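What follows draws every value from the coordinates through simple rules; no lab data is involved. Just so it is clear, the model here is predicted, and its values are computed rather than measured. So basically every Cβ, Gly included, is an ideal-geometry build from the backbone, and we count neighbours across all protein chains shown.
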Amino acid sequence: MASFSLAVAVVRSNNITTDQSALLALKAHITDDPYNFLTSNWSTSTSVCNWIGISCGAKHQRVTALNLTHMGLTGTIPPHVGNLSFLTHLSFRNNSFHGSLPNQLASLRRLEVVSFGMNNFSGELPSWLGFFPKLQVLYAYSNSFSGSIPLSLYSNASSLQIIHLGENMLSGMIPRSLGNCTSLKEIHLDDNYLTGELPLEIGNLQNLMEITLANNSLTGTIPNAIFNISTIEVISLYLNQFSGQLPLSIGHWLPNLKELYLWDNELKGIIPNSISNASKLTQLELGNLSTSLEEFFAFNCNIKGIIPVGIGNLSNMMALHLEDNELAGPIPSTVGGMRNLQGLFLQHNRLQGSIPIDIDLSWNQLSGDIPTSIGGLDSLANLSIAHNKFQGPIPQSFDKLISMVFLDLSHNNFSGVIPKSLMELKYLKYFNVSFNRLQGEIPFGGVIGKFSAQSFMGNEALCGPPQLQVPPCKSSNIGHSKTDAERDMNKLKIQGDLLPLATWRRISYFELELATYGFSESNLVGKGSFGSVYRGTLSDRSSVAVKVFNLNIEGGFKSFEAECDVLCRIRHRNLVRIISSCSSMDFKALVLEFMPKGSLKKWLYSHNYFLDIQQRLNMMIDVASALEYLHHGCPLPVVHCDLKPNNILLNKDMVAHVSDFGISKLLGDEDSMTQTMTLATIGYMAPEYGSQGIISTRGDVYSYGILLMETFTRKSPTDEMFDGEMSLNRWVKESLPHAVIEVVDANLLKRGEDYFTAKLDCISSIHYENGYGLFNRGS
C-alpha cells in the first residue's frame, strides 16, 4: 500500500511538473513584459497554482486555466503549451503575441474557451480548432489570420456558442456546414475578405442572437430565414454586395431585434411597413439617404432624446415630421444645411433653447460689401462666407451677433481693421479672417485673444504680438493699444468667471509640433475616447501635456468645446491646470500642466508601484477637495461626469489632480440636475445617469464612492467577479464592519505585521452609506 501511494505521488508530481515546464517555456518566449507580470511572479519558488493568470483544478491539482489577458506581453506561443492537458480556458487576448499557432495546441482536448483576440497572430487559421469536442467560445478577432475558415470548425463543433473571427484577412466562402452549429448564439466574421453567398442553412441557427458579417464582399440575396430567427438581437450586414429586396414580413418574427445594419449594399425596393413590429429596435441603418430622402414621418412615436446633429446632412429633405414626441434639448444648428426644407414640424415636444440660424455661403463667387443689417440677426450662430469675393470693411454691427459661435470670413477681399467690437462675442469658438487685405492692430484680449496665428495669416498689413506671427505694431500705436489692452484686462477682472482666460499663454501649432517632436509616438503618453495626449517641452524648457482632439470621430469637437468652456472658469490646486489652447478648423488641442507621476490607475494596478494607506487617504482627500470646489465653489456648478482612476493624475509630490472634463456639464443657475445623452464610464456611473440620462452633482459623489472603494480594495467595478447582482458596492458593504480584511487590498493589511490593528481601524473608519458614496473619515 505504501509503495502504491508513493507511485501515485510521483505521477502527480510529474504531471504538475510538466505543467510548470510548459509555462516556463512560455515565459522564455516572452520578449517584452512591460509590467513584470510574469517576470516577478512566475517563479519556481512558489506553486504553479499561485502564479498570476493560472488556475488549477481542486481534484487533480493540474492547470485548468491560463489567462494572460491585458498584460501588454510580446512574444510567441511555444509548442510546449500543448502539454497543459487539463486546460479548459486559454486566453492570450489583448497583447502583442505574433507568429503562427503551434499545431501542438491540438492536443488540448478539454478546451471550452479559447481567446487569441487582439494580437498579431498570422498564418492560416488552423483546422484543429474544429476538433475540440467541448469548445464553446472562440475569439480570434483583430489579428492577421489568412486563408479560408476551416470546415472542421463548423462540422465538428456542435457545442460552439460564440465564434468571433472579425478583423482578419480571411477569404473564401461561408460554408453550408455553418448550419450544423445549432448551439451558436453569436457569429462575428466582419472586416474580412469573404465572398460568395450567405448559405440558406443559416436559418437552422434558431438560438442565434448576433450575426455580424459587415465589410466583406458577400453577394446574392439575404436569406429570408435570417429574418425568422426569433432570438436574434443584432444583424449587421453593411458594406457588402447583397442584392434583392427585403421581405415584406421582415418585422413579424423579430420580437428581440435591437440593431439592424444593412447600408452600402445593392438592395432595392421599399422599406417594409412591418419593420415597425420589431418593437425593441433602437438602431436602424438602411443606407445613405442623405441626398435622396425627401419626406420623413415619425410623429407620435414616443421618440425620446435629442435631435441628432447629423440631420443637417439630409440636403434634399422637403418635409420632416417629428411632432408629438418627447424630444428634448436644442434644435441643432445644422438644420440650416437642409436647403430644400419646406416644412419642419416639431410641435408638442420638450425642445429648449433658441431657434438656430446658420448661414453658409462659402465657396461661391459672391461679391460686394456685407450689409450692416446682418447685425440684426442676434440668433445667428454660424456664419461662413469663406472663399468668395466680398470686399469692404468688416461691419462694426457684428458685435450684436451675441449668439455667434462660428465665424469664417477667410479668403475674400476684406480691407480695413478688425473691429474691436468683435471682442464682445463671448461664445465665439472659431474665428478666421485669414487671406484678406486687413490692416492695423489685431485686437488684444477678450475672445479674439484666444485664437492662434492661423486665424490671421495672409493679411500683410496686420500687426500685433509675435506669437501671432505678424510684425509688431509701430510705436505710434503703442499708447493706444495699451489703453485698449488695459480696458480689456479690467473687463476680464470684472468677469471673475473668465479670469483664467487672461492668464493663458498663447501657443501656436508650430510650437506644439516642435515641442512634441512632430507628435511622435515616443512622446505619446496616453490615448482616450476623443484624442491623444503627448508630452512636450516648450521653448522655455517647461514640460507640458498636449491633448490633441480627434475631430474625425463623433464627439471630438464637442469634447474640446466642453473642456474649454469648463477649464476657463475653474482654478483649484487639485485640478489639472490649463496653460493654453490651440484651435483651428482642422486642429484643436489643449496644453495642460504635465503630471510626471501618471495616473492613479497606473499606481493601483502595476506591480512596479505601491501606495500605502496614508498616500491613498491623501489622494482621496485631494479628489474630494476638487469635487467640493466644482460643486460649490464655482459660479456655476460643474459636474465632472467621468470620475475614475484614469482621470486622477499625480504630480511630482504625489498630489492628486482631477483631469479630463471632455464630457463635463455646467448646471445653470436654477438647475440642480440636467439630462444628457453622453455616457460616462460603466461601473462608475450613478444608476439614474445610466438609465435616464439624468446627471447632477450627486452622480459625481456616487462615482467618488466607487473610486474610494476601488482605491482601498484594488478591485475595479468591472472586474470579472462582479456580475449579476454582485457589484463592488455590494461586496464592500456586506464586508463591513467585521470582514474588512477580506476585501481590502492585501498589500495594505497583513496579519502579524507592525501596526496591523491601527491600520485596520483606519481603513474601517471609511464607510459607505446609501449607495451614493457618502464617505466619512473616523477619528
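Tabulated data for the structure shown
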item	result
Cysteines without a disulfide-compatible partner [the chain; Cβ-Cβ under 4.7 Å]	C181, C301, C564, C568, C582, C634, C641, C762
Per-residue Cβ neighbour rank within 10 angstrom, fewest leading, K185, K601, K280	K280, K601, K185
MRE, 222 nm, helices only [DSSP H, n ≥ 4, -39500 (n - 2.57), over the chain, to nearest 500]	-5500 deg cm²/dmol
Exposure proxy ranking, count of Cβ atoms within 10 Å, fewest first, for C564, C641	C564, C641
Amide proton proximity set for E167, modelled H, under 5 Å, gap of 5+	S142, D190, D191, N192
Top positive-direction residue, dipole computed over the chain with Cβ charges, set S542, N94, T282	S542
Rounded if a/c under 1.5, otherwise prolate or oblate - segment 509-593, Cα gyration tensor axes	oblate
Most to least packed among 702-708, 727-733, 651-657, 586-592 [average Cβ atoms within 10 Å]	702-708, 586-592, 727-733, 651-657
Stretchable slack from S85 to I270, in nm (0.36 nm times residue separation minus alpha-carbon distance)	61.0 nm
Rounded to 10°, Cα long-axis angle of helix 556-567 versus longest principal axis of the chain	70 degrees
Amide H contacts under 5 Å for C463, placed H, 5+ residues apart	G440, E441, I442
Shape call, the chain: gyration tensor on alpha carbons, a/c limit 1.5	oblate
Point-charge dipole on Cβ atoms (K/R +1, D/E -1) for the chain, about Cα centre, debye to 20	1600 debye
Potential lengthening between Q391 and K652 on full extension [0.36 nm per residue; Cα-Cα distance subtracted]	88.5 nm
Qualifying lysines (Cα of each under 28 Å from Cα of K280; at least 8 residues distant if same chain)	K185, K258, K268, K304
Anchor K733: lysines whose Cα lies under 23 Å away (excluding residues fewer than 8 positions away in-chain)	K601, K644, K715, K750, K759
Cα-based shape type of segment 56-202, given that a ≥ b ≥ c are square roots of the gyration tensor eigenvalues and the cut on a/c is 1.5	oblate
Sorted by Cβ neighbour density within 10 Å, fewest at the top, the residues V309, V658	V309, V658
Beta bridges per DSSP with both ends in the chain, % antiparallel, nearest 5	30 percent
Selected from L108, L73, S397, residue furthest toward positive end of dipole (the chain; charges at beta carbon)	L73
Karplus-derived HN-Hα couplings along segment 310-327 (A = 6.51, B = -1.76, C = 1.60, θ = phi - 60°), whole Hz, x at Gly and Pro	x, 4, x, 6, 7, 5, 9, 5, 10, 9, 10, 10, 10, 6, 6, 10, 10, 5
For segment 120-206, size of Cβ-based charge dipole, Lys and Arg +1, Asp and Glu -1, in debye	300 debye
³J(HN,Hα), Karplus 6.51/-1.76/1.60, whole Hz, each residue of segment 23-36, x for Gly, Pro	6, 5, 5, 4, 4, 5, 8, 7, 8, 8, 10, x, 9, 6
Dipole of the chain, positive direction: furthest Cα of L178, F145, A739, with charges on the beta-carbon	A739
Size of electric dipole in segment 511-652: Cβ of Lys, Arg +1 and of Asp, Glu -1, about Cα centre, debye, nearest 20	420 debye
